[in-house]
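Q: One structure is given below, represented as structure tokens, and several questions about it will come after.
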Amino acid sequence: MVYNLMLTDTTGVPLHRVKISCNGYNRGSHTVNSESELIYIDRKYNINKLSKDMKTTTTFIERTYSTWEPRCVYWSPSTGDLLVGMYRYRTGKVTRYNQSGQLTQTIQNHNTGWRLYSKPSYITENNNGDVVVSDYDYESGAVVVTERGGRHRFSYTGHPSGSRLRPCGICTDALSHILVCDGRTNTVQMIDRDGQFLSHLLIRPSGIFYPQSLSYDVNTHCLWVGSEANNTLVIYRYITRQDALTDLNPATADVMESLSEIPTTGTEKPQQGNQCLLKLMSPPKLLHSLTVTGVYGCYHISCVTSDRVWVSDMNNLMLTDTTGVPLHRVEDSCSGYDKGLHTVNSESELIYIDRKDNINKLSKDMKTTTTFIERTDSTWTPRCVYWSPSTGDLLVGMFKDDTKTGKVTRYNQSGQLTQTIQNDNTGLGLYNEPHYITENNNGDVVVSDYDYPSGAVVVTERGGRHRFSYTGHPSGSELWPWGICTDALSHILVCDGTTKTVQMIDRDGQFLSHLLIGPSGIFSPHSLSYDVNTHRLWVGSRSNNTVVIYRYITRQDALPGKSESLLL
């Protein structure tokens with residue numbers, strides 16, 4: 001809920017706070033006029049004006065109808081009018097007031113008499129006078145655009161059309177584009193003045209993760225983007241001035257400045273291994289299915305041998321064989337999380353997060369438990385672990401609840417911290433909440449990063465440089481990344497909770513295929529483990545205690561024209 005309205009500068013230092021601004025709404029409850037006066041909705045739903053020197057507050061529009069609440073405001077530079085988005089149970093309207101505060105127009109229905117708005121959240125105006133409203137209530141919404149006179153022009157419902165858009169902050173730019181934050185895909189979408197989709201200008205941007213608010217500066221042509229997840233505000237440039245204003249490629253939109261800048265670590269170039277003897281087979285072949293006794297869901301899997309795996313749900317961590325019979329139960333494993341809480345090293349020792357958020361090591365004979373990494377910083381909580389076969393290091397995904405941010409820490413075999421990966425090269429945070437973590441053959445660190453309603457597969461080089469973030473297919477889809485692994489061909493496999501598929505992308509983030517789609521017995525794949533010795537893929541179910549084993553890679557003979565299947 002929103003309780004503060006602050007004036008700040010580009011350092012993030014607060015300069016003034018409005019004490020009686022409307023609270024409880026993450027909506028467009030304030031605007032600024034040509035006199036640099038703040039116009040805002042107060043707690044009594046009056047619309048007030050704060051003078052430029054911030055010494056005088058006056059009531060500009062007093063609320064007279066108790067059934068209608070003002071939700072959002074926008075001062076029009078072209079007319080000097082104030083546009084107000086109003087709400088009354090399940091319906092909305094737009095009212096226009098002149099500079100004296102007199103009501104001059106109401107926009108509520110289109111020409112068939114049906115209502116235009118459900119619940120206006122943000123409002124702005126385009127260069128041609130169109131009134132542009134971010135209208136959203138519960139499941140989905142639309143960008144509703146009318147002419148200045150009130151005639152309905154179009155309603156944009158996402159890309160492709162009807163994609164359950166959750167419109168948040170909205171603005172227009174000097175080229176009459178309409179920009180809107182979509183809370184479902186965590187993108188900033190750009191459409192033209194006639195409602196045609198142009199691009200995802202930003203996709204789950206670093207540091208912001210959940211773009212919520214927008215403001216376009218007509219003097220500098222900079223775009224200010226605010227986060228719903230934290231208190232970060234980022235400034236972008238995507239329009240350049242030549243003889244006329246022209247678009248930059250959205251993929252190369254520059255980060256001009258961040259209000260929370262942090263230096264990044266160094267990088268190194270990892271090497272790539274030989275993979276020439278293996279090839280994909282299609283479709284994947286189902287080899288075996290097992291029901292794991294002692295768990296109600298299979299939220300994470302760690303292979304020990306070709307016939308033994310550790311499987312966990314939110315409360316139990318069990319060792320089982322291919323019959324599903326429990327062989328051992330860890331009594332002090334972390335509970336309450338459906339994340340990658342355990343991993344296995346080259347000595348077949350289990351490394352896991354316990355209930356005190358320490359990272360423990362259980363011996364191969366399961367008789368001795370030692371604390372490998374003791375939690376010393378109460379502000380950071382380990383969420384997922386992965387032991388690196390190539391370096392012997394332990395990678396840990398960490399989460400800080402008060403700032404809703406994450407990081408990856410690397411520990412050597414002695415348990416000493418050797419690296420922290422947290423920000424990209426602009427100083428913006430890479431992670432929101434790491435759920436699962438793994439490593440690719442070239443040393444890339446691969447993280448399944450998710451916090452409702454969507455997330456990304458975030459990939460950095462071994463040294464920490466951000467390579468890419470995969471947000472689903474097509475790019476900017478509502479990816480819910482869960483279990484993740486890589487295979488001998490350096491593919492990245494990820495379970496997607498939205499589509500209930502296992503998606504395969506290449507090492508550079510390009511979508512290759514839906515390897516599994518709602519697989520029988522699992523229905524909702526949640527966890528993955530790739531056995532590098534047998535090239536089997538273990539897939540665990542979120543909805544029940546079933547694990548299935550697939551083969552989708554074969555070994556090709558070194559002699560031309562000959563091949564053989566893997567012995568699985």
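The values are calculated or read from the model by the stated rules, or taken from the named source; none is laboratory data. The shown structure was predicted, so the numbers you read here are calculated from the model rather than taken from an experiment. Counting neighbours? That spans all protein chains shown, and the Cβs are built from the backbone with ideal geometry, glycine included. Calculation scope for accessible area: heavy atoms of the full protein, side chains included, ligands and nucleic acids excluded. Shrake-Rupley method; radii C 1.70, N 1.55, O 1.52, S 1.80 Å.
Q: Taking amide H atoms as placed 1.01 Å from N in the peptide plane, list the residues 5 or more away in sequence, or in a different chain, whose amide H sits under 5 Å from that of His288.
A: Ile549
Q: A further question follows. Mind checking which lysines have their C-alpha under 22 Å from Lys404, skipping anything on the same chain fewer than 8 residues away?
A: Of all the lysines, those that pass the test against Lys404 - Cα under 22 Å, at least 8 places apart if same chain - are Lys339, Lys356.
Q: Okay, moving on. Would you check the accessible area of Cys222, probe 1.4 Å, heavy atoms only, in square angstrom rounded to 10?
A: Cys222 exposes around 20 Å² with every protein chain in place.
Q: Tell me which GluC sites (Glu not before Pro) from segment 90-191 have a DSSP coil assignment and no more than 14 other beta carbons within 10 Å of their own.
A: Passing both the DSSP loop test and the Cβ count: Glu139, Glu147.
Q: Next question, about the same structure. Between segment 388-412 and segment 43-95, how many Å separate their Cα centres?
A: Cα centroid to Cα centroid, the span is 47 Å.
Q: Straight-line reach from Lys93: which lysines have a Cα under 24 Å away, not including same-chain ones fewer than 8 places off?
A: Qualifying lysines at Cα under 24 Å: Lys44, Lys49, Lys119.
Q: Something else: Starting from the alpha-carbon convex hull of segment 409-568, give the projected area averaged over all orientations, in nm².
A: 11.6 nm²
Q: Amide H neighbours of Leu165 under 5 Å, counting only residues 5+ apart in sequence or on other chains, H built in-plane at 1.01 Å?
A: Gly141
Q: Heavy atoms only, 1.4 Å probe, whole protein assembly: order His435, His514 by accessible area, highest first.
A: His514, His435
Q: How long is the gain from Thr64 to Lys356 if the chain were fully straight, where each residue apart is worth 0.36 nm and the alpha carbon distance is subtracted?
A: Taking Thr64 through Lys356 to full extension adds about 99.6 nm, to one decimal.
Q: If you take every residue apart from Ser163 with its C-beta less than 11 Å away from the C-beta of Ser163, what net charge results, scoring Lys and Arg +1 and Asp and Glu -1?
A: +1
Q: What dipole magnitude, in Debye to the nearest 20, does the chain give about its Cα centre under +1 on Lys/Arg Cβ and -1 on Asp/Glu Cβ?
A: Once rounded to the nearest 20, the dipole reads 1100 debye.
Q: According to a simple spin-label model (label point 7 Å from Cα along Cα-to-Cβ), what is the distance in nm between Asn533 and Arg237?
A: With each label point 7 Å from Cα toward Cβ, the separation is 5.7 nm.
Q: Return the label of the correct value of Cα extents along the principal axes in Å, as calculated from the structure shown, out of (i) 124, 68, 54; (ii) 75, 55, 51; (iii) 81, 52, 48.
A: The value computed from this structure is option (iii).
Q: Identify the GluC sites (Glu not before Pro) of segment 301-409 meeting these criteria: DSSP loop state and at most 10 other C-beta atoms within 10 Å of the C-beta.
A: For GluC sites (Glu not before Pro) across segment 301-409 that sit outside H, G, I, E and B with at most 10 neighbouring Cβ atoms in 10 Å, the list reads Glu331, Glu347.
Q: So, one more: Order Asp531, Asp402 by their accessible area, 1.4 angstrom probe, all chains in place, largest first.
A: From most exposed to least exposed: Asp402, Asp531.
Q: Then there's this: Among Val180, Trp68, Phe209, whose Cα projects farthest towards the positive end of the dipole of the chain, with charges put on the beta-carbon of Lys, Arg (+1) and Asp, Glu (-1)?
A: Towards the positive end, the residue furthest out is Trp68.
Q: Now for a separate question. In segment 1-107, what GluC sites (Glu not before Pro) fall in a loop by DSSP, with at most 11 other Cβ atoms inside 10 Å?
A: Filter output for segment 1-107: Glu35, Glu62.
Q: Once label points are set 7 Å from the Cα along Cα→Cβ at both Arg88 and Ser51, what is their separation, rounded to one decimal in nm?
A: 3.6 nm
Q: From largest to smallest, what semi-axes in whole angstrom does segment 369-422 give when each is the square root of 5 times an eigenvalue of its alpha carbon gyration tensor?
A: So the three semi-axes of segment 369-422 are 20, 13, 9 Å.
Q: Could you check the spin-label model distance between Thr379 and Asp192? Points 7 Å from the Cα along Cα→Cβ, value in nm.
A: Modelled inter-label distance: 4.9 nm.
Q: Evaluate the charge dipole of segment 467-511 about its Cα centre and quote only its size in Debye, nearest 20, assuming +1 on the Cβ of each Lys and Arg and -1 on the Cβ of each Asp and Glu.
A: So the magnitude is around 40 debye.
Q: For the chain, which longest stretch is free of loop sites, where a loop site is one of the chymotrypsin sites (Phe, Trp or Tyr not before Pro) that DSSP puts outside H, G, I, E and B and that has at most 11 other Cβ atoms within 10 Å?
A: For chymotrypsin sites (Phe, Trp or Tyr not before Pro) (loop position, at most 11 other Cβ atoms within 10 Å), the longest site-free span of the chain is 139-568.
Q: Also, quick follow-up: Putting +1 on Lys and Arg Cβ atoms and -1 on Asp and Glu Cβ atoms, find which of Asn33, Ser348, Gln416 reaches farthest to the positive end of the dipole of the chain.
A: Asn33
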